[in-house]
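Below is one structure, written out as structure tokens, with a few remarks after it.
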Amino acid sequence: MKVLVTGGAGYIGSTIVSALEDAGITPIILDNLSSGRREFTQNKVFYQGDIADHELLKRIFAEHSDIEYTIHCAALIVVPDSVRRPYEYYHENVNKTLDLLKYLNELGCRKIIFSSSAAIYDDASDYVVDETSRLNPRSPYARTKYMMEMILKDFCLAYDMKAISFRYFNPIGADPKMRSGSYIDSPSHLLGKLISVFEGKENTFYITGTNWDTRDGTGIRDYIHVWDLAMAHVTAVEKFDEVFKSIEKECKVSDPYQVFNLGNGKGTTVREMAAAFMKVTGKELNIKETEAREGDVPGAYANAEKAKHYLGWQTSLTIEEGIRDSIQWSQIWKSRKED
Ligand SMILES: NC(=O)c1ccc[n+]([C@@H]2O[C@H](COP(=O)([O-])OP(=O)(O)OC[C@H]3O[C@@H](n4cnc5c(N)ncnc54)[C@H](O)[C@@H]3O)[C@@H](O)[C@H]2O)c1
């Protein structure tokens with residue numbers, strides 16, 4: 001079986017590509033390398049180009065008429081950048097997805113798995129969100145994800161397509177076999193900051209905000225190993241029709257568009273993450289506590305029961321394994337860049 005993976009040269013897309021290959025499924029990568037890495041596509045079927053390039057899509061499907069699914073990961077993804085350049089984000093993510101879906105429908109590929117984001121949820125008083133929780137996308141980036149979900153839903157209803165939107169929580173780690181991983185130079189997320197302090201690029205790890213109403217006062221997030229995330233896509237491809245059938249049977253409604261949270265369902269606070277990091281590395285880090293920054297939110301974690309129930313998927317790797325693989329990959333990536 002073949003699966004088109006847009007954005008397959010990126011951090012998450014490349015991990016999905018490896019997971020598909022390991023499961024005996026052939027990924028066909030479409031990526032314009034605007035941020036993705038050519039080296040992640042080595043020895044794979046790779047088309048360099050844009051998701052909205054009609055001629056290229058026609059060629060891909062002519063050369064691989066047995067593509068049954070599209071996993072759509074390609075997007076611009078940096079939240080502060082989206083605030084500065086909303087045109088580019090709406091254009092690249094929304095407009096081009098609109099075209100991509102139109103062409104996929106034309107080409108007969110009507111089973112879609114979409115990379116959505118937990119960034120579209122509103123704050124929840126108990127910090128846990130399920131797929132029916134209130135939405136409130138608060139950046140141009142998050143709004144593009146929300147709009148793409150809406151478009152996908154309408155396409156499913158109108159054009160006999162079926163789609164699964166996966167709302168990712170906070171991916172960490174790298175492919176456990178170290179074939180690919182994150183390639184951002186200065187990651188601004190929590191684990192990236194911890195690694196920067198560990199590697200001596202920064203002196204101090206700042207915990208910003210210690211008065212939230214969480215179990216230890218610090219913010220809470222749901223970290224998910226990128227390999228677990230990738231495996232959810234493999235499961236979705238393998239059980240696609242079955243999932244829709246069992247939802248229809250249990251819920252007595254036929255809905256061709258389904259949303260699933262992908263998280264570990266537990267939540268980890270900033271203090272817990274820093275402690276886990278120091279346990280994994282065996283190194284005490286210099287930590288300082290400061291006030292929350294403007295715009296900071298306490299965070300949320302996933303209720304991931306729907307994915308467990310219908311996909312039979314749940315996380316299998318721990319936060320510690322995510323930290324270990326992130327550090328190992330960061331060292332491999334650094335040495336590759338120095339060569
Ligand atoms: N990384 C996260 O924390 C996170 C969280 C939630 C959701 N997501 C979503 O997961 C997906 C993958 O994210 P990632 O972290 O791997 O990002 P990434 O930047 O590493 O990968 C995105 C890939 O898409 C490609 N691309 C972008 N625009 C394209 C276009 N018009 N045509 C063809 N290729 C294009 C880029 O070159 C890149 O390889 C994105 O849709 C993102 O919104 C990511």
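The values are calculated or read from the model by the stated rules, or taken from the named source; none is laboratory data. Keep in mind the model is a prediction, meaning the values are calculated, not measured. Positions of Cβ are backbone-derived with ideal geometry, glycine not excepted, and every protein chain shown enters the neighbour counts. The area values use the complete protein model at the heavy-atom level, side chains included, leaving out ligands, DNA and RNA. Shrake-Rupley method; radii C 1.70, N 1.55, O 1.52, S 1.80 Å.
Residue-normalised convex hull volume from the C-alpha trace of region 266-327: 116 Å³ per residue. The trypsin sites (Lys or Arg not before Pro) found in region 238-331 that occupy coil by DSSP, while having at most 13 further C-beta atoms within 10 Å, are K252, K283, R293.
Percent of Cα-Cα pairs more than 20 Å apart in region 225-288, please. I get 53 percent for the Cα pairs in region 225-288 exceeding 20 Å.
Ranked from largest, the principal axis spans of the Cα set of region 253-301 equal 54, 30, 12 Å. For region 191-197, backbone phi angles converted through the Karplus equation (6.51, -1.76, 1.60; θ = phi - 60°) give residue-by-residue couplings of 5, x, 5, 4, 5, 4, 5 Hz, Gly and Pro being listed as x.
Along region 49-61 the Karplus relation, 6.51 cos²θ - 1.76 cosθ + 1.60 evaluated at θ = phi - 60°, assigns HN-Hα couplings of x, 8, 5, 9, 8, 4, 4, 5, 4, 4, 5, 4, 6 Hz to successive residues, with x for each Gly and Pro. In a simple Cβ point-charge model (Lys, Arg +1; Asp, Glu -1; nothing else charged), the chain has a dipole of about 200 debye relative to its Cα centre.
Accessible surface for the chain, divided over its residues, is 46 Å² per residue with a 1.4 Å probe.
Bridging of K288 to lysines at a Cα separation below 23 Å is possible for K193, K201, K279, once same-chain residues fewer than 8 apart are set aside. If you wrap the Cα atoms of region 55-94 in a convex hull and average its projected area over all directions, you get 3.6 nm². Close amide-amide hydrogen proximity is noted between E289 and I207, each under 5 Å apart and 5 or more residues distant or on a separate chain (H modeled in the peptide plane; Pro and chain starts excluded).
Scanning the chain for GluC sites (Glu not before Pro) in DSSP loops with at most 16 neighbouring Cβ atoms within 10 Å leaves 1-198 as the longest stretch between them.
Would you kindly give the portion of the calculated P(r) for region 1-113 that falls above 24 Å, as a percent of all Cα pairs?
For region 1-113, the share of Cα pairs beyond 24 Å comes to 21 percent.
Between amide H atoms placed 1.01 Å from N, distances below 5 Å from A163 occur with I112, Y257, Q258, all of them 5 or more places distant or on a separate chain. The Rg/Rh ratio for the chain, using Cα coordinates for both the radius of gyration and the Kirkwood hydrodynamic radius, is 0.96.
Just to be sure I follow: if Rg is taken over the C-alpha atoms of region 195-336 and Rh is the Kirkwood radius over the same atoms, what is Rg/Rh? Dividing the radius of gyration by the Kirkwood radius yields 1.07.
The tail of the calculated P(r) for region 172-243, taken as Cα-Cα distances beyond 15 Å, holds 69 percent of the pairs. Taking the Cα of L285, stepping 7 Å toward and past its beta carbon, and measuring to each backbone N in region 170-186: which are under 19 Å? From region 170-186, the list is 170-174, 182-186. Surface composition of the chain: carbon plus sulfur atoms hold 48% of the accessible area, using a 1.4 angstrom probe and ignoring ligands, DNA and RNA. Whole-Hz Karplus values for region 275-290 come out as 5, 4, 4, 5, 5, 5, 8, x, 10, 6, 9, 7, 10, 10, 9, 9 Hz, taken residue by residue from phi with 6.51 cos²θ - 1.76 cosθ + 1.60 and θ = phi - 60°; glycine and proline positions read x.
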